[in-house]
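In what follows, a structure is listed as structure tokens, so that the remarks can point back to it.
The values are calculated or read from the model by the stated rules, or taken from the named source; none is laboratory data. What you see is a predicted model; the values in this text were computed from it and never measured. Because the Cβ atoms are built from the backbone with ideal geometry, glycine has one as well, and the counts that use them run over all protein chains shown.
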Amino acid sequence: MKYNPTIECSSCNNLCDRLELACPKCGNDLVTKLYHYCCFNENSLASLIRKSVWMSLPFEYNDPFEFLGKQNNGGEEKTSKIKIDYAKGKIGVYSLSEDPNNIIMWSHYSDRHKGFCIEYRRSKDNILGCSNYSKRAGRKINRFAWPVQYEKDVPPISDLPFEYYDSIPINALTKAEYWKHEKEWRVIFPEGGELIPFDAQVTSIMFGLRMPARNRGTIYRILGDTVAYQEACMVPNEYRLYFRKLSRTILINYP
Ligand SMILES: [Zn+2]
């Protein structure tokens, strides 16, 4: 099994590397925006104020199959380095999604639609799209943001010590097919359980369907007119959301 995430170009149907920003054949944009679903709380507000993100410890995640690697047949008991690091809490993960319009994720990660979703620009100049970030960050790792690949089978254990390579071990980036709807991307850091500076530009904030007006007002007062604001609404008679742009008049009138 290889880590080989692909995406079909929506314009010319060319099968592209999902890490690319544009289709090499026709130049059409591929994944240029990523979204983080969050609750409204002190941590999410601190990260907006400080332009930072909280690197979660993956063993706190809701899926006990995280970072799993398949043992060799009959081989001695072996655990990948990344699994050991992760068990020790040395790895931090910031999860994003390609899809801001998923009602399950709004329920799970945005406090049952009472939270919000942050839209980030993914470009070759920022942490989400840069492939030689080490020069700027003074780190050994070149790329931080990776799409998760969804598989039926557990990948073999990979022993890549990821600090020294341009790739993250496949075990950290593979999940069961059941999670496919999440279209997840992961920013993986060698430190977890802390806020790290994040240079990807916030382009929009999407308020959840049930997000109270006073909480919307708090976010507007933090970010002001530097980003666009939208609110999730129900599509009548369908199990679907749509997003409505919010005017300044509405925003300044939130309590
Ligand atoms: Zn194309």
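Note on segment 21-34: among residues that are near the ligand (Cβ under 10 Å from one of its atoms) and part of a loop (DSSP other than H, G, I, E, B), the one that is surrounded by the most Cβ atoms within 10 Å (Cβ to Cβ) is C23.
Quick check on E151: is it at pLDDT 90 or above and farther than 30 Å from G208 by Cα? Don't jump to the end; show me each part of the working.
Values: at pLDDT 90 or above: yes; farther than 30 Å from G208 by Cα: yes.
Yes; evaluated as a whole, the condition is true for this residue.
Tallying residues that are crowded, with 17+ Cβ neighbours inside 10 Å and touching a strand residue (DSSP E or B) at 6+ places or on another chain (Cβ under 7 Å) within segment 201-219 yields 9.
Checked against the criterion of being small (G, A, S), more than 25 Å from P190 (Cβ to Cβ) and modelled with pLDDT of 95 or more, segment 108-127 has at least one qualifying residue.
P255 fulfils the conditions (1) assigned to a loop (DSSP other than H, G, I, E, B); (2) out of contact with any helix residue (DSSP H, G or I) (no Cβ under 8 Å at 6 or more places or on another chain); (3) more than 23 Å from Y35 (Cβ to Cβ) except for a single criterion, (2). Of all residues in segment 1-18, those being assigned to a strand (DSSP E or B), within 10 Å of the ligand (Cβ to nearest atom) and of a type in the set (S, T, N, Q) number 0. Residue pairs whose Cβ atoms lie under 6 Å apart, sitting 6 or more positions apart in sequence or on different chains, and linking a residue in segment 1-22 that is farther than 23 Å from I168 by Cβ to a partner that is buried (at least 17 other Cβ atoms within 10 Å of the Cβ), are C9/C16; C9/C23; N14/C23. Every listed requirement among (1) surrounded by 16 or more Cβ atoms within 10 Å (Cβ to Cβ); (2) of a type in the set (G, A, S); (3) more than 23 Å from R112 (Cα to Cα) is met by G193 save one, (1). Number of residues in segment 183-234 that are assigned to a loop (DSSP other than H, G, I, E, B) and more than 12 Å from Y254 (Cβ to Cβ) equals 13.
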